[in-house]
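Only the coordinates and a few stated rules stand behind these numbers; no lab work does. All of these numbers come straight from a predicted model, not from anything done at the bench. Ideal geometry is used to build each Cβ from the backbone, glycine not excepted, and the neighbour counts take in all protein chains shown.
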Amino acid sequence: MPTKKPNAEQVWKEFEDQLAPRLRLRTIDRVVYSHLVRHSRLEGKLRLRFSLTWLARGTALCTHTVREAVRRLIGHRVLRLVQRSKEGHVVEVRIPNEVRAARPRQSARRLLSRTRASDFDDLDWLRHQALRRTIHVREGGRCFYCLSRLTPATRCLDHVVPRAEFGDNSCRNLVSCCQGCNSKKKDIPATDFLRWLHRERRLTDLELAARFRSLDALTAGKLRPRVPAEWLRLRERM
Ligand SMILES: [Zn+2]
């Protein structure tokens, strides 16, 4: 996808002076990001298809290390995973002034008065028990996949896009589900797993269609858990 080439000098300065320190990027993440920007945006391409082998060779790192770096960059919304396949991954590479966290910090008062979009984007929903609980509450006590009733003893959290495929810990990628679905799904794409449940007669036609709609809403960020305001205020002081 051709796009206007940004000013390379400006990109580099904003990356060094604002983005990297604000996100506290590790040295490895800086190296990987620079390599990806070099081969995408500085070539006038918004998206880049690459393999981990190519990235590892270009940065003189091992594939495991670059995989972890790409996952973190996706988590920071510096990269957006568009597609994954056996041939490689397609990501959208964002330059510093397109990344929300790189912009000058707003006052806490103003931040709290907004819709908390950035709060949601930045959160690691696996990290705190209070946040994990809100994911379970969002699903209303039913498995996101098979709709079976859940109890605190039978429920667990599942990565819709597996961690091995750069899936992050955002509320767009975590769902509450039963242990049976969690162990059967493994690395199967969520849509394929839902179709399998349908073939197994665990979901009706209507339920399958509704599950697909919920999955779309989830990945679009429309299924937002209710986070207690007190928790967000506490986080703001951290
Ligand atoms: Zn289930």
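Quick look at the values:
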| item | result |
| --- | --- |
| Set of lysines near residue 5 by C-alpha distance (under 28 Å), chain-local residues within fewer than 8 positions excluded | 13, 45 |
| For the chain, built as a Gaussian network whose Cα springs stay under 10 Å, the top-fluctuating residue of 95, 28, 74 | 28 |
| Sites matching GluC sites (Glu not before Pro) across region 129-238 that sit in DSSP coil, with at most 15 neighbouring C-beta atoms within 10 Å | 200 |
| Kirkwood Rh, angstrom, region 125-168 [1 / mean 1/r, Cα pairs] | 11.3 Å |
| Simple label model, 7 Å out from Cα along Cβ direction - residue 153 to residue 38, nm | 5.7 nm |
| Most fluctuating residue given options 205, 216, 187, as computed from a GNM of the chain linking Cα atoms under 10 Å | 205 |
| Sites residue 85 and residue 201 - FRET efficiency at Förster radius 30 Å, r taken between beta-carbons, to 0.05 | 0.50 |
| Given 11 as the ceiling on other Cβ atoms within 10 Å, longest exposed-site-free region of the chain for trypsin sites (Lys or Arg not before Pro) in DSSP loops | 25-85 |
| Region 1-75: C-alpha pair distances exceeding 15 Å, % | 56 percent |
| Cα-only radius of gyration and Dmax that characterise the chain, units Å | 19.4, 58 |
